[in-house]
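Visitor: Got a structure here, written out as structure tokens. Questions coming.
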């Protein structure tokens, strides 16, 4: 499955990454704040370039475990990224993710981009359920999930050691028929 | 890690499976009621023999990903009345999972609870796990009823996260932490 790029929302454009996105992506991937609840540490410019090269190839999903990694642009500038991972084709399950430049928080961009990802997941990939996970301390992230209309299905306590301490996580989810009633 | 067999609870002996356990094992693993909320169809004798063969090697844990599978033997009944498992999920994060399957003839007497408590003890005291989970279909009320009686907390209710025997299935995940186990002991 390969979406018809570019994907346009009211204010944003979602498209595969390009190596020329380096400066824009480095601008937020280097920040402590952005990485606080990610497994990654702040990127160096070289690490950003290395990862970007991988992400440019993540523009289609063929089998379980693969993701779409899309640049989210505003007026031509990459302000964040949105992902859709195929967890299981057999059980029609997927996972949504998003990371945004803090300079662009508070404008509803994450919700707008995530809605576009849900559309790809439910309408194009024909998924039955899409989930999203985050650290329980990452309130802006799970607020987006709630605003999208996702339900909190799990609160895992101490499921893993995360950056030196026990990590708690939320799992939110939405079913295809719930998505249909949103439209 | 290899527990000091046999493990004795009030009314059961937990021990590795032995070849002669086949009939007892098959008696409940072939029961449709027992299998309703388990993966797989009721066992044929060949299925049970295969399971038994696998279980013979599951009496110790040397690396994550492995399962401990023990027979729950009732000296009073003179039979294996169920089996219990402990999975070592993660060495780094010190996580495990317990499971239990009992012969319906022997349900309702707290035997599964005794066996499950022993598995929690092995996990927390012998393996020094930090967190142990248990999962089941939400329709399997006796199973999650036991998880609650063990003092586990429901952490997840996944809705329609898999196709289970031809229809959408939900999942409960219960969990307990080592500090909770210690307080309850």
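Readers should treat all values here as calculations from the given coordinates under stated rules, not as data from a laboratory. Predicted, not measured: the structure shown is a model, and the values here were computed from it. Note: ideal-geometry Cβ built from the backbone for every residue, glycine included; neighbour counts use all protein chains shown.
Visitor: For the stretch B:97-185, rounded, prolate or oblate, judged on the Cα gyration tensor with a ≥ b ≥ c (square roots of eigenvalues), a/c < 1.5 rounded, else prolate if a/b > b/c? Walk me through the numbers before you get to the answer.
Guide: Working: a/c = 2.27, a/b = 1.38, b/c = 1.64.
Cα axes put the stretch B:97-185 in the oblate bin.
Visitor: Now for a separate question. Per 5 Å bin, what percent of the C-alpha pairs of the stretch B:1-91 does each bin hold, from zero upward?
Guide: 3, 14, 23, 24, 20, 13, 4, 0
Visitor: Just grab the label-to-label distance for residue B:179 and residue A:41, each label 7 Å out from Cα along the Cβ direction, in nm (one decimal).
Guide: 2.8 nm
Visitor: If eta is 1.567 mPa s and T is 4 °C, what Stokes-Einstein diffusion coefficient results for the stretch B:67-107, Kirkwood Rh from Cα pairs, in µm²/s?
Guide: On the way: Rh = 11.4 Å.
Approximately 114 µm²/s, per Stokes-Einstein.
Visitor: For Cα pairs less than 8 Å apart in space and 6+ apart in sequence, what is the mean separation divided by the residue count of chain A, i.e. the relative contact order in percent?
Guide: Numbers: 341 pairs, mean separation 31.2, N = 183.
Value for chain A: 17 percent.
Visitor: Could you compute how fast the stretch A:5-85 diffuses translationally, taking Rh as the Kirkwood radius over C-alpha pairs and applying Stokes-Einstein at 4 °C with viscosity 1.567 mPa s? Give it in µm² per second. Provide the component values of the computation, followed by the final result.
Guide: Working: Rh = 13.1 Å.
For these conditions, the coefficient is 99 µm²/s.
Visitor: Rank-order A:80-91, A:144-155 by packing density, defined as the average count of other C-beta atoms within 10 Å over each peptide's residues, highest first.
Guide: Details: A:80-91: 19.8, A:144-155: 18.2.
My ranking of the peptides, most packed first, is A:80-91, A:144-155.
Visitor: Per the Cauchy relation, a quarter of the hull surface: what is the mean projected area of the convex hull of the alpha carbons in the stretch A:69-111, in nm²?
Guide: On the way: hull surface 13.4 nm².
Over all viewing directions, the stretch A:69-111 projects a mean Cα-hull area of 3.4 nm².
Visitor: When a/c reaches 1.5 or more, the comparison of a/b and b/c decides; with that in mind, is chain A rounded, prolate or oblate per its Cα gyration tensor? Don't jump to the answer; show the numbers that get you there.
Guide: On the way: a/c = 1.43, a/b = 1.08, b/c = 1.32.
Verdict is rounded for chain A.
Visitor: Using a 10 Å cut-off on Cβ to Cβ distances, tally the other chain neighbours for every residue of A:147-156 and report the average as a whole number. Kindly include the intermediate steps, with their values, before the conclusion.
Guide: On the way: counts 0, 0, 0, 0, 2, 2, 9, 7, 5, 6.
Shielding by partners across A:147-156 averages 3.
Visitor: From the Cα gyration tensor of the stretch A:99-183, with a ≥ b ≥ c the square roots of its eigenvalues, which class applies: rounded if a/c is under 1.5, or else prolate if a/b is larger than b/c, or else oblate? Don't skip to the end; give the middle numbers.
Guide: Details: a/c = 2.34, a/b = 1.40, b/c = 1.67.
It is oblate, given that a/c is not under 1.5 and a/b is not larger than b/c.
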